[in-house]
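Values quoted throughout were computed directly from the atomic coordinates according to the rules given, and no laboratory measurement underlies them. What you are looking at is a predicted structure, and each value in this text was computed from that prediction instead of being measured. Cβ placement follows ideal geometry from the backbone for every residue including glycine, while neighbour counts extend to all protein chains displayed.
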Amino acid sequence: MKNIILKTKDLCKSFAHNGGQLHIISNVDLELYEGDFTVIMGASGSGKSTLLYALSGMDSATSGSVIYNGTDITGLKENKLARLRHTDFGFVFQQMHLVSNLTIFENIAVTGYLNKSVSAKETDKRVDELLEKMSISHIKTHLPSQVSGGEQQRCAIARAVVNKPKLIFADEPTGALNRKNTRDVLDLLTELNKQGQSILMVTHDVRAAARADRILYLSDGKILGDLDLPPYSPEDIKSRETQINAWLTSLEW
Ligand SMILES: Nc1ncnc2c1ncn2[C@@H]1O[C@H](COP(=O)(O)OP(=O)(O)OP(=O)(O)O)[C@@H](O)[C@H]1O
Ligand SMILES: [Mg+2]
């Protein structure tokens, strides 16, 4: 029996717009399991990023609750929520939010330096390992403005995982990457997942989704599909992609 790491009860998110309300996430009841690599797919505008923001406490829910490891985070005070996000969560956003006057190395390391349970020396070592894995060691002294979009994205991914968060939220982490860099990022996420970190990743890419244990399909702010996959192994990648494509077709993706 897997433990539930994150669940929602009747989660709704609306935005006020032009004097009315836009209901973007509607009555979502969801359970995510500890140790799972879960993927969210769905058309552009279906509410994937909005859902990720609400689940991670980066944005408030309009109604309903988000429960992380037994704690209702929708009821937490901002400082407690910030601490939880810092100790337990890692984030890769569609917008990368790198600090413009810090180098690539520093952008990644800062998150680690704030973590009091790890020494600065250990953080530096881990940052160097991640730079290597993401093939961006050669630009570690550059500023974000001096590197490509794909390099910035890989920096943001390294930053998200430097503290070994229990749960990683990733919004299209391979969106701006070529094949090799996509594979590097997915290999890193798969490796972290094998080490026990839970992952929730939004993607449009079937190849990326094929890494998952489970795929949720979002349509107009509702979960319309839930597919379980056997544990990932690289030899099965083609058959996994075929299975996912057939499932997406049945959902009229
Ligand atoms: N602050 C806001 N105010 C009004 N509408 C918003 C706001 N944020 C998001 N929306 C709307 O909510 C809908 C869902 O947006 P969201 O970014 O969650 O989509 P998505 O599924 O992540 O799409 P994509 O695949 O293109 O990233 C969109 O129609 C968007 O215009
Ligand atoms: Mg999005």
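Order 48-58, 34-44 from most to least packed using the mean count of other Cβ atoms within 10 Å. Don't jump to the answer; show the numbers that get you there.
On the way: 48-58: 21.9, 34-44: 19.7.
In descending order of packing, they fall as 48-58, 34-44.
Under 8 Å for C-alpha pairs, at least 6 residues apart: give me the relative contact order for the chain, rounded to a whole percent.
Numbers: 447 pairs, mean separation 63.4, N = 253.
About 25 percent, as a whole number.
Under the rule a/c < 1.5 gives rounded, and otherwise a/b versus b/c splits prolate from oblate, where does segment 110-253 land using the Cα gyration tensor? Spell out each step's value before the answer.
Working: a/c = 2.11, a/b = 1.82, b/c = 1.16.
Prolate, because a/c is 1.5 or more and a/b exceeds b/c.
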What are the equivalent ellipsoid semi-axes of the chain, built from the alpha-carbon gyration tensor (square roots of five times its eigenvalues), in whole angstrom, biggest first?
28, 23, 18
For a label point 7 Å from the Cα of Leu143 along Cα→C-beta, name the residues of segment 75-109 whose backbone N is under 15 Å from it.
98-107
Expected output is a single nm value to one decimal: the length gained when fully extending between Ser26 and Thr87, i.e. 0.36 nm times separation in residues minus the C-alpha distance. What is it?
19.1 nm
Quick one: among Lys180, Lys133, Lys13, which has the greatest mean-square fluctuation in a GNM of the chain with alpha-carbon springs under 10 angstrom?
Lys180
Local charge sum around Thr182 (other residues, Cβ-Cβ under 12 Å, Lys/Arg +1, Asp/Glu -1)?
+2
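Viscosity 0.890 mPa s, temperature 25 °C: give me the Stokes-Einstein translational D for segment 1-145 in µm²/s, with Rh taken as the Kirkwood radius over C-alpha pairs. Walk me through the intermediate numbers first.
Details: Rh = 17.6 Å.
My calculation gives 139 µm²/s for D.
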Largest first and in whole Å, give the semi-axes of segment 8-58's equivalent ellipsoid, each being the square root of 5 times a Cα gyration tensor eigenvalue.
23, 12, 9
Near Lys13, which lysines are there with a Cα under 23 Å away, not counting those fewer than 8 places off in the same chain?
Lys48, Lys77, Lys80, Lys222
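Starting from the Kirkwood radius over alpha-carbon pairs of segment 31-94, derive D by Stokes-Einstein at 20 °C in a medium of 1.002 mPa s and give it in µm² s⁻¹. If you can, show how the numbers build up before the last one.
On the way: Rh = 12.9 Å.
Estimated via Stokes-Einstein, D reaches 166 µm²/s.
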Please tell me the relative contact order of segment 50-115 in percent, rounded to the nearest whole number, where contacts are Cα pairs under 8 Å and at least six residues apart.
20
